[in-house]
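See structure below.
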Amino acid sequence: MPIRRKLLILLVVAALSAFALAVPKQVTVARHGMVVSVHELASRAGVEVMKSGGNAVDAAVATGFALAVVHPVAGNIGGGGFMLIRMADGKTHFLDYREKAPAAATENMYLDAKGDVIPDLSLLGYKSAGVPGSVAGMVYAQRHFGKLPLAKVMAPAIKLAREGYALTREDAEDLRDEDLAKFAASKRIFQNGGKGFAEGDTFRQPELARTLERIAASPDDFYHGALARELAAAVQKAGGLITAEDLARYEVKEREPIGGTYRGYEVISSPPPSSGGTVMLEALNILEGYDLGKLGNRSAAAIHLTVEAYSRAFYDRAEFLGDPDFTKLPIPQLLDRAYAAKWRETIDPLHASKSDELRRPAFSGLDQSASLRLPSEYRPEPEHTTHYSVVDPEGNAVAVTTTLNDSFGSRATVEGLGFLLNDEMDDFASKQGVPNGYGLIQGPANAIGPGKRPLSAMTPTMVLKDGKLFLVMGSPGGPRIITTVANILMGVIDYKMPLGEAVDAPRFHHQWKPDEIVLERGFSPDTVKLLKSMGHRVDEREHYWSDGECIAVDAKGALYGASDGRNNGKAVGF
Ligand code: DON
């Protein structure tokens, strides 16, 4: 078919497929500073610290520790995360405090004698935990880029843990997680010894308060002192692998953020061991060749092209990405615009590609012959991680995504210390060709190895317009983090939506495998029909996912805080 006719059909397809917005938005406007997070008390902790003279980093650390208290499903000191900092002078810093595999970890540690993955071993219990990085990361950020003493920054979190706070309906519902009951300390602390909690109950965490006080008084103790020894002893007694030496060896890494441009906007995002920035920018490079705005927001034609780009970028993720300290990663090639152009040539504007039939275009330095083993089964997706965004009155900005991996991580609480451990080991490929908890296929670059950091999808991101801070963004959602952040970014840039609308707009996702588009509620039946007629398999079962907690800054410096309408978060400004 001639290309002009193809394009004409594409425009007709676009015009036919209207979309509907899913949910109401909540946008807070402020002049000076803003914190947006999934929990109002955590946002308030950050603002309180800024009002008492702290900068955006102090506020981010205050919010992070507060989330460990008021949002135990994902906020944490037993997990890890990534912090993207942009100071008002334009300098950026990316802190990697991702968990590391313990020294005793081995490639086949989650396989049985027959070589099959043992269900849940990498997801539940002490053996699924990597060496936590959150305390090191937050302390490092505070020490290097904050202004106030750590104890002052941690004070709101300590108070919330010691005096307690009234549980919201969502908080109380979260705590009903049935796997938490499998671990004595978790059941005792988070489920009131089995009696459970209800909305309005005051939730006090004296053990966690004590641990936070010890960190505030002596931050290195968590990795080098009595806290480290107590943590390691508790984990080992319960069958986990983390030792005091693992903790002593833990280090925060400052990494060069991934940078790129999209339609003239500068994008700063997360480098490996996160796949987020690379996958998002590779997809955006492919998409820059199309006039998405003209095709129409959430039209079938635009969704089709977007998921074709997502699927190619996720395919490359699976093949190439892992811990950069252990494997040489071809990031420059993946982000080369000439490579994006070659991928674009493989996209048919009217027909869905088959994931199994994708062939990587020849490009220097990229291995074309896939070494990936492909899956025969998929597991359901677990939930939770959390993102928060901060801007202070001087214009310093921080974007943090932090995680225990899925809800309440391993569900295992460190006895005596009152905090939950992550199950981040499941972000490795337990076995080549077997999807992890998020259905992701991963290659040898993401095999388990002692001291390695598992590949992540967390994508704290900032966007600059004319060299000035414009967007501070991020979200939870496992692999959907990447497409959520990309969808929000394109919402603002391609479809000219105000940030709040872009955050709340219905989401769509494709991750190469499984070979399907996943849609949130809110797409018109016509759009779904058109996508199916192009040959896409469409999964409409899920209702909502992810949680964008973002800030936009206008040309005059006014701040617009957009907390996702799907959840109970809050943008607090002043
Ligand atoms: O680092 C990662 O990519 C995952 N551990 C994130 C998990 C997540 O976002 C779950 N949230 N819904």
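Got the relative contact order for the chain handy, in percent, Cα pairs under 8 Å and 6 or more residues apart?
26 percent
Apply the Karplus curve 6.51 cos²θ - 1.76 cosθ + 1.60, θ = phi - 60°, to the phi angles in region 275-284 and return the couplings in whole Hz, x for Gly and Pro.
8, x, x, 5, 5, 4, 5, 4, 5, 5
Listed here are the pairs LYS328/LYS513; LYS91/LYS328; LYS100/LYS187; LYS431/LYS529; LYS532/LYS570; LYS51/LYS556; which of them are more than 29 Å apart at the Cα?
From the list (LYS328/LYS513; LYS91/LYS328; LYS100/LYS187; LYS431/LYS529; LYS532/LYS570; LYS51/LYS556), the Cα-Cα distance tops 29 Å for LYS431/LYS529; LYS532/LYS570.
Order 317-330, 390-403 from most to least packed using the mean count of other Cβ atoms within 10 Å.
Averaged packing, sorted descending, gives the order 390-403, 317-330.
Take LYS237 and LYS529, extend 7 Å from each Cα along the Cα→Cβ direction, and tell me the distance between the two endpoints in nm.
For LYS237 paired with LYS529, the spin-label model returns 6.4 nm.
Note down the net charge around LEU41, summing +1 for each Lys or Arg and -1 for each Asp or Glu among other residues with Cβ under 13 Å from its Cβ.
With Lys, Arg at +1 and Asp, Glu at -1, the neighbours total -2.
Which shape class applies to region 505-567: rounded if a/c is under 1.5, otherwise prolate when a/b exceeds b/c and oblate if not, where a ≥ b ≥ c are the square roots of the Cα gyration tensor eigenvalues?
In terms of gyration-tensor shape, prolate.
If you take every DSSP beta bridge whose two residues both sit in the chain, what share of them, in percent to the nearest 5, is antiparallel?
Roughly 95 percent of the DSSP beta bridges within the chain come out antiparallel.
Which value, in debye to the nearest 20, gives the size of the charge dipole of the chain about its Cα centre, when Lys and Arg are +1 and Asp and Glu are -1 at the Cβ?
780 debye
Using a basic spin-label model with each label point 7 Å from the Cα along Cα→Cβ, how many nm lie between ALA166 and LYS114?
Taking the simple label geometry, ALA166 and LYS114 are separated by 5.5 nm.
Helix 480-493 versus the longest principal axis of the chain: what angle, 0 to 90°, nearest 10, using Cα atoms?
With both axes taken from Cα atoms, the answer is about 60 degrees.
Excluding residues on the same chain fewer than 8 positions from LYS159, give the aspartates and glutamates whose Cα lies under 16 Å from its Cα.
LYS159 reaches GLU40, GLU48, GLU207, GLU213.
With a 1.4 Å probe and all protein chains left in place, how much of the accessible area of the chain comes from carbon and sulfur atoms, in whole percent?
52 percent
Checking the cross-link filter: which aspartates and glutamates have an alpha carbon closer than 16 Å to that of LYS465, excluding same-chain neighbours under 8 positions apart?
Those aspartates and glutamates meeting the cut-off are ASP89, GLU266, ASP494, ASP554.
Of VAL252, VAL235, SER218, whose Cα points farthest to the positive end of the dipole of region 212-257 (charges on the beta-carbon: +1 Lys, Arg; -1 Asp, Glu; origin at the Cα centre)?
Sorting the options by dipole projection puts first VAL235.
Provide the packing ranking of 70-83, 513-526, i.e. peptides ordered by the mean count of other C-beta atoms within 10 Å per residue, highest first.
So the peptides 70-83, 513-526, ranked by packing, come out 70-83, 513-526.
Under a Cβ-Cβ cut-off of 10 Å, what is the net charge of the residues other than THR278 that fall near it, where Lys and Arg count +1 and Asp and Glu count -1?
-1
With each run of n ≥ 4 DSSP H residues scored as -39500 (n - 2.57), what mean residue ellipticity at 222 nm is computed for the chain after dividing by its residue count and rounding to the nearest 500 deg cm²/dmol?
Mean residue ellipticity, 222 nm, calculated: -10000 deg cm²/dmol.
What nm value, rounded to one decimal, do you get for the distance between THR202 and ARG143 when each label is placed 7 Å out toward the C-beta?
Distance between label points: 3.6 nm.
The values are calculated or read from the model by the stated rules, or taken from the named source; none is laboratory data. Model, not experiment: these values are computed from the prediction. Please note: Cβ atoms are built from the backbone with ideal geometry, for glycine as well, and neighbour counts cover all protein chains shown. Surface areas here come from the heavy atoms of the whole protein model, side chains and all, with no ligands, DNA or RNA. Shrake-Rupley method; radii C 1.70, N 1.55, O 1.52, S 1.80 Å.
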